[in-house]
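The values are calculated or read from the model by the stated rules, or taken from the named source; none is laboratory data. Here the structure is a predicted model, which means the values were calculated and not measured. Here the Cβ positions follow ideal geometry from the backbone for every residue, glycine too, while neighbour counts run over all protein chains shown.
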Amino acid sequence: MPSLVTLYQQEMHGNVGFFANWFPGDPLEIGDVGLLENGRFRRLTTLKELNIECISSEGQNKQEMQYTSTQGTNVKASLGGALTAGTKGEITIDFSREGAFVFNASGLTTKRMENRLSVGNQILDTYEKKNWERNWVVIESLYVADCATIIVSEDHSSSIVLQASADIPIPSISLSDPKLDLKVTSTRGKLIHIVGEKGLHPLYACFKLKDTWFSQPAIHPVRGASARELPLSRVNIYELLSS
């Protein structure tokens, strides 16, 4: 049976086309170098530490993302209208499947590696000097969230109760909106929960050095670079999940 990490990664990748950072609160940066292990990225070093020049940029547009697993998640709010001053509303989330999740992120912006071709050539040079391993991957783009609420069930049956205090209609607003001022009041079962955290990097993409038949190793993007930028085949989600 698929693990909770596999279920979470598959659904998030299917929705947004990026890998979900696991654990959600782990720090990531453009140019981080590491390994894919058990469905997650483990940092080993950075391009800077390997004397590889990396140029990154950050987008100006911000967006919202709200995703809930297709099965096993039920979200209920205690109040249907706006809260009045001094009152508190509750949001109860029941999970009936391992790996069921709620993902809400506000103020998402992208950070991207701009000089991918140059980095690729530098990685090849580093590899030829035996200072690079073929199974290493590089973070080349990621999403940064102003605020995020991410809850994943580790059990077949679990729940969490969140308390909000705000003059806004609870059912229609993102659980990552800082105006809600969410607090965890109770939990049941095993859960991984990040509630109202700021500055998270919940989604990322990476590329790796990959051998090809009858040719030298070449840079293959895992996600995020088009064929024109890097004219090589992409590696799909199953490479992450089989790590």
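Is it the case that VAL119 is part of a strand (DSSP E or B) and among the aliphatic types (A, V, I, L, M)?
Criteria not met by VAL119.
Tell me the residue from VAL138, VAL161, VAL152, VAL184 that is part of a strand (DSSP E or B) and closer than 26 Å to SER57 by Cβ, please.
Selected residue: VAL138, the only one of VAL138, VAL161, VAL152, VAL184 that is part of a strand (DSSP E or B) and closer than 26 Å to SER57 by Cβ.
Starting from the stretch 129-141, keep only residues that are among the charged types (D, E, K, R), then list their pairs with residues that are assigned to a loop (DSSP other than H, G, I, E, B) and modelled with pLDDT under 90 whose Cβ atoms are within a distance under 8 Å, requiring at least 6 positions of separation or different chains.
Listed pairs, sorted by first residue: ARG134/ASP211; ARG134/PRO217; GLU140/GLY224; GLU140/ALA225.
Could you please find all residues in the stretch 1-21 being of a type in the set (Gly, Ala, Ser) and either within 18 Å of SER242 (Cβ to Cβ) or in contact with a His (Cβ under 8 Å, 6 or more places away or on another chain) (or both)?
Passing the criteria: SER3, GLY14, ALA20.
Hey, can you tell me all the residues within the stretch 148-163 that are over 13 Å from the mean Cα position of the chain (by Cα) and of a type in the set (A, V, I, L, M, F, W, C)?
Correct list: ILE160, VAL161, LEU162.
Could you tell me which of the residues GLU128, GLU114, GLU37, GLU53 is charged (D, E, K, R), modelled with pLDDT of 95 or more and surrounded by fewer than 14 Cβ atoms within 10 Å (Cβ to Cβ)?
The unique qualifying residue is GLU53.
Output the number of the condition that ASN135 fails; it satisfies all remaining conditions of (1) within 13 Å of VAL33 (Cα to Cα); (2) surrounded by 17 or more Cβ atoms within 10 Å (Cβ to Cβ).
Failing condition for ASN135: (2).
Tell me, please, whether a residue that is in contact (Cβ under 8 Å) with a residue 40 or more places away in the chain, more than 15 Å from SER242 (Cα to Cα) and surrounded by fewer than 14 Cβ atoms within 10 Å (Cβ to Cβ) can be found in the stretch 22-34.
Yes, that holds for at least one residue.
Condition check: surrounded by 14 or more Cβ atoms within 10 Å (Cβ to Cβ), at pLDDT below 95 and either not basic (Lys, Arg) or not in a strand (DSSP E or B) (or both). Does GLY199 satisfy that?
no
Out of all the residues in the stretch 176-196, is one or more modelled with pLDDT of 60 or more, touching a Lys or Arg at 6+ places or on another chain (Cβ under 6 Å) and not β-branched (Val, Ile, Thr)?
no
Among the numbered criteria (1) closer than 28 Å to ASN104 by Cβ; (2) at pLDDT below 95; (3) surrounded by fewer than 16 Cβ atoms within 10 Å (Cβ to Cβ), which single criterion is violated by GLU229?
Tallying (1) closer than 28 Å to ASN104 by Cβ; (2) at pLDDT below 95; (3) surrounded by fewer than 16 Cβ atoms within 10 Å (Cβ to Cβ), GLU229 fails exactly one: (1).
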